[in-house]
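Data block below; observations after.
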Amino acid sequence: MIKVLKFGGTSVGSAENMKKVASIIKNEGSRITVLSAMSGTTDSLVKIGNLAKDNNSAGIDNIIGQLREKYSNCINSLLKLPSEGIAKMEDAFGLIKNFAANYEEGKSERGILAQGELLTSYIFAGYLKESGENAVLLNAPDFMITDKDGKVNKDILKSRLSALTKNDGVFYITQGFICTNANDEIDNLGRGGSDYSAALMGEAICADEVQIWTDIDGMHNNDPRYVDRTIPIRQMSFDEAAELAYFGAKILHPATIQPCKDHGIHVRLKNTMDPEAEGTLIANGEASSDFCAVAAKDNITVIRIYSARMLMAYGFLRKVFEIFENNKTSIDMITTSEVAVSLTIDDDSNLDKIKKELESLGTIEIEKKNSIICVVGRVDHEQAGMTARVFNSLYTIPVKMISYGASHRSIVLLIDTENKIQALKNLNVGLFNL
Ligand code: ASP
Ligand code: MG
């Protein structure tokens, strides 16, 4: 069985945790191990990028000082011979300072961001080698190559990565998140993109399983940050997982699902801090028999378009959608009446332009600070009472939009963000008796 294992920031966040990762990859027989940067690193590097833009070298030195402490602590307690690791760390800091000193918007930020994954994977591979394992460190930007739209070239990935990872009994260690872009510069797949890296690598080498290791025991039925009692879900379908990941479950990057679903590669979510815990298996097959989970996504903007011209007309929605398409903005929810359409978006970077263009179609109303609540599971349209269970749970909470019937696996609602936590709590009681 060929496995690709990906470990998130907390899983590699200290020397102690890296030791846990080493024993997990040995137990599992991982073929390719994909690592994030040590926890907190990418956030620090984003800050350095912002300071570089402002030409604030004192601020940069300050953050590098904090990173130096974190990484040298890890290197010194993990490695018997730490000097190479320390030198590599100083090289990385040198590169970061260089990118900042010769600041080029975009390019510098991307170069700086990549250093977290590069350094973390170097340290971890060094530890494995010191412990006598047959470990090979691979440079992800050599085979993760994106085109001008930021899409990874799967043909190149497949041919290069399969050639690089042929040998049994070798632990191939590499970086998530980073790649080489169409201008031949170092780039990344966006925040949280390491999960997606692992899925693409799994697809490229025809893996049987991609495991995503974090610090929680699998996907839960509700958001443990806001709700006291939540339970892990043992098994779910790709479609359910995709909706939960897209609509707010933080454990998995939403792009991870597609490559695995296409090839029937199992995705297993596991807990580095408790490797014995079962976790969640995402695989093809029957969806749950009932509601299985709820998730919430914030920063949702609603756009309402009122237009008498819509009345009995055709082609109106096409004009609306075209405006969003031209502005590269995807729509999450939509509801229509005979004289109005409401849509939601989560990326409002082109909102002003979109609003202006929509004004040629009707009167526009915009509301921010909304949250989408997504209830996932088997939603049987022949069965009475399913919606009643959701709405009874939410009867004290004003609901602003509803999407029901689009699929057999979800009911999606829009509420004010200030009511989100209460809504999640109510659904926990009403749907899951928790
Ligand atoms: N280190 C990157 C981030 O924090 C990528 C990842 O962890 O998936 O966004
Ligand atoms: Mg993540």
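One residue stands out among those in region 120-137 that are part of a helix (DSSP H, G or I) and polar (S, T, N, Q): the one that is farthest from ligand 2 (Cβ to nearest atom), which is Ser121.
Of the residues in region 246-266, at least one is within 16 Å of ligand 1 (Cβ to nearest atom), surrounded by fewer than 16 Cβ atoms within 10 Å (Cβ to Cβ) and not hydrophobic (A, V, I, L, M, F, W, C). Residue-level check: of (1) under 30 Å from Leu5 (Cα atoms); (2) open to solvent by 60 Å² or more (accessible area, probe 1.4 Å); (3) touching a residue at least 12 places away in the same chain (Cβ under 8 Å), Arg309 misses just (1). When you go through (1) of a type outside the set (S, T, N, Q); (2) at pLDDT 90 or above; (3) surrounded by 15 or more Cβ atoms within 10 Å (Cβ to Cβ) one by one for Ala388, which number turns out not to apply? Only one criterion is unmet by Ala388, namely (3). Yes or no: Asn271 among the polar types (S, T, N, Q), open to solvent by less than 60 Å² (accessible area, probe 1.4 Å) and at pLDDT 95 or above? Criteria met by Asn271.
So that you can scan it fast, the table gives a plain yes or no per residue for (1) within 16 Å of ligand 1 (Cβ to nearest atom); (2) under 25 Å from Asn17 (Cα atoms); (3) at pLDDT 95 or above:
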{"residue": "Val170", "(1), (2), (3)": "no, yes, yes"}
{"residue": "Asp187", "(1), (2), (3)": "yes, no, yes"}
{"residue": "Gly193", "(1), (2), (3)": "yes, yes, yes"}
{"residue": "Ala198", "(1), (2), (3)": "yes, yes, yes"}
{"residue": "Ile233", "(1), (2), (3)": "no, yes, no"}
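Within region 40-52, residues that are touching a residue at least 12 places away in the same chain (Cβ under 8 Å) reach partners that are among the small types (Gly, Ala, Ser) and more than 9 Å from ligand 1 (Cβ to nearest atom) with beta carbons closer than 7 Å, at six or more positions or on different chains, in the pairs Ile48/Ala100; Gly49/Ser108; Leu51/Gly59; Ala52/Ala100; Ala52/Ser108. All of (1) under 30 Å from Ala340 (Cβ atoms); (2) surrounded by fewer than 19 Cβ atoms within 10 Å (Cβ to Cβ); (3) modelled with pLDDT of 95 or more hold for Ala296 with one exception: (2). Among helices (runs of 4 or more DSSP H) entirely within region 1-119, having at least 2 residues that are within 13 Å of ligand 1 (Cβ to nearest atom) and open to solvent by less than 20 Å² (accessible area, probe 1.4 Å) singles out 41-53. For region 408-431, state whether one or more residues are surrounded by fewer than 16 Cβ atoms within 10 Å (Cβ to Cβ), out of contact with any Cys (no Cβ under 8 Å at 6 or more places or on another chain) and at positive phi. No, that holds for no residue. Residues that are modelled with pLDDT of 95 or more, under 18 Å from Leu343 (Cβ atoms) and assigned to a loop (DSSP other than H, G, I, E, B) within region 393-427 comprise Val399, Lys400, listed in sequence order.
Restricting region 162-180 to residues that are polar (S, T, N, Q) and touching a residue at least 40 places away in the same chain (Cβ under 8 Å) leaves a set whose member that is surrounded by the fewest Cβ atoms within 10 Å (Cβ to Cβ) is Ser162.
The values are calculated or read from the model by the stated rules, or taken from the named source; none is laboratory data. Worth saying up front: this structure is predicted, and the values here are computed from it rather than measured. With ideal geometry, Cβ positions are generated from the backbone for all residues, glycine too; neighbour counts draw on all protein chains shown. Surface areas here come from the heavy atoms of the whole protein model, side chains and all, with no ligands, DNA or RNA. Shrake-Rupley method; radii C 1.70, N 1.55, O 1.52, S 1.80 Å.
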